[in-house]
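First up is the structure itself, then whatever we jot down about it.
The values are calculated or read from the model by the stated rules, or taken from the named source; none is laboratory data. Quantities reported herein were computed from a predicted structural model and do not represent experimental measurements. With ideal geometry, Cβ positions are generated from the backbone for all residues, glycine too; neighbour counts draw on all protein chains shown.
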Amino acid sequence: MTKPLGGIRVLDLTNVLAGPFCCHQLVHMGAEVIKVEAPGRGDLARQLGADPDLNARGMGVSFLAQNAGKKSVTVNFKHPEGKALFERLVTTADVVVENFRPGVMARLGIGYDALTKHRPDLVYCAISGFGQDGPWVDRPAYDQIIQGVSGVMSITGDADSAPLRVGYPVADTVGGMTAAFAVAAALNARPRGCFIDCSMLESVLATMGWVVSNHLIAGATPTAHGNENPTSAPSGAFQTGDGLINIAANKDEQWGLLVDYLGLSELRTDPDYATREDRKRNRHALRTRIEERLAPCSARALARELNRIGVPAGAVMEVADVLAHPQIADRGLLTDYADVPGVGRDISVVNTGVKMNGAPLQVDAPPPQLGAHAQEIWGALGLDAAAVQDLVDKGAI
């Protein structure tokens, strides 16, 4: 299968997560992605992750997670010859993605206006915490900062634990995914060429549609509901004999099937539970009745039975368990790379969660060592090995 972004060259100037995750999507969609990194240190993610030895090698787990399939070169933007070489590289590119603070690229002389002199139809994507303007434009932004100011933490957890951080970098990830969508769309425009301003804060707020709209339209104050689904009942996480199970009896017919299965058919005619709104008002008493019947049950076995009769359910699983389950293990979400250079062992990484024409989107090459593709990339611009080494010696690359 020809991947949809085949033939597109992307220069990835980004660090850590939002930008690299954006370009992770693009490389799996078929783009050639060249990481342009700082000489000597590269992407900060190379030093991050749960394995200190890999961090010391510049191949941290945080880097390995979203850089498979990319190529790596290094450029010192502050060196005139490094900057000039980068400008030559831009003439060969379709897309530049960066996540510096607003204004940094312009101060280096390689912002959008400068680069479009070399490549007028360039798609330039700037990812930042708060966007390219506004009163917070100069604030530094990390995932947890965005989670806090966006309201995400205020609605995560329950009455006792909120505000609570979501358990993975949701703001970085959503920001990167939003940027990738915008880049892919911009590549389809004719004539091509634009400046994309992707705000992590606004990207996250855009995904909070129900919460935000309930506030804007219905005047409801967003609050933390823990494991309860505020739109229906019984809908949420329930305790069984060996762990939690999520049950979503959101429709009246599912409600009836659930109580019949649990031997609680009398609740069908109980006025406290007659309608969805009644069940929502009395959700805590209803939970008590249901969990009494779930006490002897196994969450996974119960999930199979409830799904069989038409009640959506799923055991609350740990990450290792779901990765090992055939639903994930057999669908190609993970790609294995053998004896990865700089790592010294086999690794598995996550792809994109997308299949096209029945095939998962995967890339052949593992995450690159810093500067691993210098001769390939610079050689294509006409530099021989001696010229490349001369630029290295000068500190330009």
Are there any pairs, at least 6 apart or on different chains, whose C-beta atoms fall under 6 Å, with the first in the stretch 42-53 and in contact (Cβ under 8 Å) with a residue 12 or more places away in the chain and the second surrounded by 14 or more Cβ atoms within 10 Å (Cβ to Cβ) and of a type in the set (D, E, K, R), and if so, which?
Asp43/Glu37
Residue identified as within 30 Å of Ser150 (Cα to Cα) and surrounded by fewer than 16 Cβ atoms within 10 Å (Cβ to Cβ) among Arg281, Arg268:
Arg281
Count of residues meeting criterion [part of a loop (DSSP other than H, G, I, E, B) and within 17 Å of the chain's Cα centre (by Cα)] in the stretch 329-354
5
Within the stretch 270-321, helices (runs of 4 or more DSSP H) holding 2 or more residues that are within 31 Å of the chain's Cα centre (by Cα)
299-309
Of the residues in the stretch 139-191, those that are in contact (Cβ under 8 Å) with a residue 12 or more places away in the chain, within 19 Å of Cys23 (Cβ to Cβ), in a helix (DSSP H, G or I) and of a type in the set (A, V, I, L, M) come to Val170, Ala171, Val174, Met177, Ala179, Ala180, Ala182, Val183, Ala184, Ala186, Leu187
Just the residues that are of a type outside the set (A, V, I, L, M, F, W, C), buried (at least 24 other Cβ atoms within 10 Å of the Cβ) and part of a strand (DSSP E or B), please, taken from the stretch 1-34.
Asp12
Residue in the stretch 332-343 that is nearest to Gln66 (Cα to Cα), counting only those that are of a type outside the set (A, V, I, L, M, F, W, C) and loosely packed, with under 12 Cβ neighbours inside 10 Å
Asp336
So which pairs qualify, if the first residue must be in the stretch 60-80 and farther than 14 Å from Lys35 by Cβ and in a helix (DSSP H, G or I), the second must be modelled with pLDDT of 95 or more and among the charged types (D, E, K, R), the Cβ gap must be under 6 Å, and the two must be at least 6 apart or on different chains?
Val61/Asp51
Residue check: is Phe195 surrounded by fewer than 19 Cβ atoms within 10 Å (Cβ to Cβ), more than 30 Å from Glu228 (Cα to Cα) and modelled with pLDDT of 95 or more?
yes
